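Here is the structure we will look at.
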Amino acid sequence: MRVFIDTCIPMYAAGSEHPCKKSCLDIMESAARGILDAYTDAEVTL
């Protein structure tokens, strides 16, 4: 299954402490390791 990474995921992962930070870091790490088939789009930031 492919999953779409919206802007909020890397923003929460890189940002200051927030209840969503750990989950977002886990998602980003899984994508980086190839465990998660993740993608994004250049238009996400619009």
Enumerate the pairs (first residue in the stretch 17-45 and in contact (Cβ under 8 Å) with a residue 40 or more places away in the chain; second residue anywhere and among the aromatic types (Phe, Trp, Tyr) and assigned to a helix (DSSP H, G or I)) with beta-carbon separation below 8 Å, excluding pairs fewer than 6 apart on the same chain, so at least 6 apart or on different chains.
-> none
Qualifying positions in the stretch 5-17 - part of a loop (DSSP other than H, G, I, E, B) and surrounded by fewer than 16 Cβ atoms within 10 Å (Cβ to Cβ) = Asp6, Thr7, Gly15, Ser16, Glu17
When every residue in the stretch 18-46 that is within 11 Å of Thr7 (Cα to Cα) and in a loop (DSSP other than H, G, I, E, B) is compared, the one modelled with the lowest pLDDT is Leu46
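The values are calculated or read from the model by the stated rules, or taken from the named source; none is laboratory data. These numbers come from a predicted model, not from an experiment. No Cβ is skipped: glycine too gets one built from the backbone with ideal geometry, and neighbour counts run over all protein chains shown.
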